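The values are calculated or read from the model by the stated rules, or taken from the named source; none is laboratory data. All figures in this text were calculated on a predicted structure; none of them were measured in a lab. With ideal geometry, Cβ positions are generated from the backbone for all residues, glycine too; neighbour counts draw on all protein chains shown. With ligands, DNA and RNA removed, areas are computed over all heavy atoms of the protein, side chains included. Shrake-Rupley method; radii C 1.70, N 1.55, O 1.52, S 1.80 Å.
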2 protein chains.
Amino acid sequence: MLTFYYATGTCALATHLALEYAGANYQAVRLDMSKKEQQSPEYLRINPKARVPALVTEQGVLTETPALLLYIAQTFPQARLAPLDDPFALARVNEFNSYLCSTVHVGHAHRGRGYRWADDESAHESMKKKVAQNMGDYFALIEGGMLKGPWVMGDAISICDFYLFTVSGWLAGDGVDIQTFPKVALHRERLLAHPKLQKVLAAHQLVS
Amino acid sequence: MLTFYYATGTCALATHLALEYAGANYQAVRLDMSKKEQQSPEYLRINPKARVPALVTEQGVLTETPALLLYIAQTFPQARLAPLDDPFALARVNEFNSYLCSTVHVGHAHRGRGYRWADDESAHESMKKKVAQNMGDYFALIEGGMLKGPWVMGDAISICDFYLFTVSGWLAGDGVDIQTFPKVALHRERLLAHPKLQKVLAAHQLVS
């Protein structure tokens, strides 16, 4: 049995959706970041980075969304969530996820978590001002070719779709109208309607 | 034949080392970022992100360091650069690489590339001031357990080692004394002396 630590409004959603889609046997534990539960001594023993997601497996604790997504794809191969035996196609999957974690997520984080990279509030304000432009630029690349359609990698759903859905959910708060990117908007609608994912979407307050 | 685009002083070093170690048949093309060659129309057709690294394969162009590293490990399995058939061990590899790309590289980039996340120079100055502290915090985690020793994953060299070496090379410029982290410093010395890697290290002006 896996134990999965998450918080709403975070990138943990991607891993949560993958676990659910794959039919994993897991227990989900929600942390309340408004109460700084991710910084409790108990949680720091699980994940010293004080972040979510974290997945407790029988072999140890795993973190970092791209790593967790590939782990789920590899340990639940019947779910066919990644082209495990096609190195080029798998590299496309990892390339997409790596772009989301190192560029898109980071761009978004400059809106509310500027304190990570500067101490003074005027710098935080400057960062906030640029978030909409950056997220728009990143999603222009995604719309322009990275998202093949209807799913990210084409006809079949993959771990990339859970991650893109997670990140595209931040656009509105970041000041970007998702309708500027019709393929991304349609992708979002399609995943929101997926029957396998309703329970997790409800746990993250994305559907009622 | 692969074509590999890189620039000195960038994270492309990690992929370059992996290609060389794996014995790949590749042509390396150096871009001069001081001349903004990464923004030339020719290069933008190869990589619209205007970044390095980029690897041109017979199937298409691949980017993003963690994706390239795993691609090389998977296409040159005889080099044994990743535990491809052990999902947990592979997740540890991907977790490490993901941390480097989304946290450590990003932290470092706030020293010289603050313009990515804010438009005014006072914000860039604020970001620069925090880089040494952040890089020190990140490397404390690496020293404290992520780097098992002597190589990142233990006794065997892996793609993680090329990436850690790349990033630990930025510490001095970021205002962090690598000797604060003895395991990281020793790891750096060990890789610098690796006979298979001297040609690439010289191409990046890291050995004479």
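I need the full set of residues from the stretch A:37-52 which are more than 23 Å from residue B:136 (Cα to Cα) and touching a Leu at 6+ places or on another chain (Cβ under 9 Å), in order please.
Of the residues in the stretch A:37-52, the ones more than 23 Å from residue B:136 (Cα to Cα) are A:37, A:42.
Listed by number, the list holds a single entry, A:37.
Set side by side, the residues A:175, A:169 differ, and just one is more than 19 Å from residue A:14 (Cβ to Cβ), out of contact with any Gly (no Cβ under 8 Å at 6 or more places or on another chain), surrounded by fewer than 21 Cβ atoms within 10 Å (Cβ to Cβ) and not hydrophobic (A, V, I, L, M, F, W, C), which is A:175. Scanning the stretch B:183-193 for residues that are touching a residue at least 40 places away in the same chain (Cβ under 8 Å) and either open to solvent by 10 Å² or more (accessible area, probe 1.4 Å) or farther than 25 Å from residue A:67 by Cβ (or both) yields B:183, B:190.
One line per residue, one yes/no per condition, for (1) within 13 Å of chain A (Cβ to nearest Cβ); (2) touching a residue at least 24 places away in the same chain (Cβ under 8 Å); (3) in contact with a strand residue (DSSP E or B) (Cβ under 8 Å, 6 or more places away or on another chain):
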residue	(1), (2), (3)
B:95	yes, no, yes
B:110	yes, yes, no
B:115	yes, no, no
B:120	yes, no, no
B:162	no, yes, no
B:172	no, no, no
B:181	no, yes, no
B:197	no, yes, no
B:208	no, no, no
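Taking the stretch A:1-39 on its own, how many of its residues are within 29 Å of residue A:107 (Cβ to Cβ) and surrounded by fewer than 19 Cβ atoms within 10 Å (Cβ to Cβ)? Reasoning before the result, please.
Narrowing the stretch A:1-39 to residues within 29 Å of residue A:107 (Cβ to Cβ): A:4-22, A:28-39.
After this cut, where a residue has to be surrounded by fewer than 19 Cβ atoms within 10 Å (Cβ to Cβ) as well, the list is A:8-9, A:28-30, A:32-37, A:39.
Of the residues in the stretch A:1-39, 12 are within 29 Å of residue A:107 (Cβ to Cβ) and surrounded by fewer than 19 Cβ atoms within 10 Å (Cβ to Cβ).
Residues in the stretch B:13-31 that are farther than 15 Å from residue B:62 by Cα and in a helix (DSSP H, G or I): B:13, B:17, B:20, B:21, B:22.
Just checking, how many residues over the stretch A:47-81 are part of a loop (DSSP other than H, G, I, E, B) and either free of Cβ contacts under 8 Å to residues at least 60 places away in the same chain or open to solvent by 10 Å² or more (accessible area, probe 1.4 Å) (or both)?
Restricting attention to the stretch A:47-81, the residues satisfying the condition of being part of a loop (DSSP other than H, G, I, E, B) are A:47-53, A:58-59, A:64, A:76, A:80-81.
Those still in the list that are either free of Cβ contacts under 8 Å to residues at least 60 places away in the same chain or open to solvent by 10 Å² or more (accessible area, probe 1.4 Å) (or both) too: A:47-53, A:58-59, A:64, A:76, A:80.
So the count comes out to 12.
Each residue in the stretch B:32-46 was checked for being over 18 Å from the mean Cα position of the chain (by Cα), assigned to a helix (DSSP H, G or I) and not charged (D, E, K, R), and 6 pass. Please verify whether the stretch A:108-115 includes one or more residues that are farther than 16 Å from residue A:24 by Cα, assigned by TED's automatic domain parsing to the domain that holds residue A:11, among the hydroxyl-bearing types (Ser, Thr, Tyr) and surrounded by fewer than 17 Cβ atoms within 10 Å (Cβ to Cβ). Checked against the condition, which is being farther than 16 Å from residue A:24 by Cα, assigned by TED's automatic domain parsing to the domain that holds residue A:11, among the hydroxyl-bearing types (Ser, Thr, Tyr) and surrounded by fewer than 17 Cβ atoms within 10 Å (Cβ to Cβ), the stretch A:108-115 yields no hits at all.
Among the listed residues A:148, A:128, identify the single one that is open to solvent by 40 Å² or more (accessible area, probe 1.4 Å) and part of a loop (DSSP other than H, G, I, E, B).
On the way: A:128 fails: part of a loop (DSSP other than H, G, I, E, B).
So the residue among A:148, A:128 that is open to solvent by 40 Å² or more (accessible area, probe 1.4 Å) and part of a loop (DSSP other than H, G, I, E, B) is A:148.
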